[in-house]
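Here's the structure we're looking at; comments come further down.
The values are calculated or read from the model by the stated rules, or taken from the named source; none is laboratory data. The structure presented is a predicted model; accordingly, all values stated were derived computationally and were not measured. Virtual Cβ from ideal backbone geometry, glycine too; neighbours counted across all protein chains shown.
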Amino acid sequence: DGGITQSPKYLFRKEGQNVTLSCEQNLNHDAMYWYRQDPGQGLRLIYYSQIVNDFQKGDIAEGYSVSREKKESFPLTVTSAQKNPTAFYLCASSFAGTTNTEAFFGQGTRLTVV
Amino acid sequence: GQQVMQIPQYQHVQEGEDFTTYCNSSTTLSNIQWYKQRPGGHPVFLIQLVKSGEVKKQKRLTFQFGEAKKNSSLHITATQTTDVGTYFCAGSAGFNSNYQLIWGAGTKLIIKP
């Protein structure tokens, strides 16, 4: 089945640790995105990538890092510099082009700092 | 900066009643998308509106894009339990990919027991 897969579904992190969230898609999409969702709020863009080996900061990139070594994969690292990392993280992908297209989301990773 | 305000934050309805959520942008949008997120789930694309004054229907759901392309609404007729979730609008002022989408905070549809 074609789709976008995030893992793990739940993640617990101790303060001061870096953690990496996985995102893989087999939809042949060029563009991939990471969003953060907090209760009662919309989605906020962390990073996006429109092509392999290139990515751009979104609105809340501080304390996060990404890589895009393969078209299918866009992992997100939450570093110890992120002051309030507890949140629901959503990865999405879409075709890239001159018009906005439908974004497909993964199931999300719920990160909790303990 | 560019903002998309979405109201109300919550709406409690009896099953069978109608539901409406509204989005207003501080700037003119090139298009607007609507997504539904079930409790504990991820956003799922519903529709995209592009043209000024556009109205689209999907069964009991009616989507509108304002004449000035600054506001949009989603109306659900005769709600059912399967409609429960949070509905988000996401607007774009540009034409290049989804990185320019600005998301509303969502309206949570709650069916009264």
Can you list the strands (runs of 3 or more DSSP E) found entirely within segment A:21-114 that contain at least 2 residues being touching a residue at least 60 places away in the same chain (Cβ under 8 Å) and in contact with a helix residue (DSSP H, G or I) (Cβ under 7 Å, 6 or more places away or on another chain)?
A:31-37
Of all residues in segment A:25-39 being over 12 Å from A:L90 (Cα atoms) and crowded, with 18+ Cβ neighbours inside 10 Å, which is nearest to the other protein chains (Cβ to nearest Cβ)?
A:A31
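For (1) touching a strand residue (DSSP E or B) at 6+ places or on another chain (Cβ under 7 Å); (2) more than 14 Å from chain A (Cβ to nearest Cβ); (3) not in a strand (DSSP E or B), each residue gets a yes or a no:
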{"residue": "B:K57", "(1), (2), (3)": "no, yes, no"}
{"residue": "B:T62", "(1), (2), (3)": "yes, yes, no"}
{"residue": "B:A68", "(1), (2), (3)": "no, yes, yes"}
{"residue": "B:F88", "(1), (2), (3)": "yes, no, no"}
Looking at the structure I just gave you, is A:S94 farther than 26 Å from B:N31 by Cα, surrounded by 14 or more Cβ atoms within 10 Å (Cβ to Cβ) and either touching a strand residue (DSSP E or B) at 6+ places or on another chain (Cβ under 6 Å) or at pLDDT 95 or above (or both)?
no
Counting only residues in segment A:62-103 that are of a type in the set (A, V, I, L, M, F, W, C) and away from chain B (no Cβ under 12 Å), the one farthest from A:K9 (Cα to Cα) is identified as A:A81
Looking at A:G3, A:G42, A:G58, A:G106, which one is crowded, with 16+ Cβ neighbours inside 10 Å, at pLDDT 90 or above and closer than 28 Å to B:L109 by Cα?
A:G106
Count of segment B:29-53 residues which are outside any strand (DSSP E or B) and crowded, with 18+ Cβ neighbours inside 10 Å:
2
Among (1) away from chain A (no Cβ under 12 Å); (2) within 14 Å of the chain's Cα centre (by Cα) - the single one B:Q80 does not satisfy
(2)
Taking segment B:1-48 on its own, how many of its residues are within 24 Å of A:F104 (Cα to Cα) and among the charged types (D, E, K, R)?
2
State yes or no: is A:S22 modelled with pLDDT of 90 or more, hydroxyl-bearing (S, T, Y) and buried (at least 16 other Cβ atoms within 10 Å of the Cβ)?
no
Within segment B:8-24, restricting attention to residues that are part of a strand (DSSP E or B) and within 13 Å of chain A (Cβ to nearest Cβ), which residue is surrounded by the fewest Cβ atoms within 10 Å (Cβ to Cβ)?
B:Y10
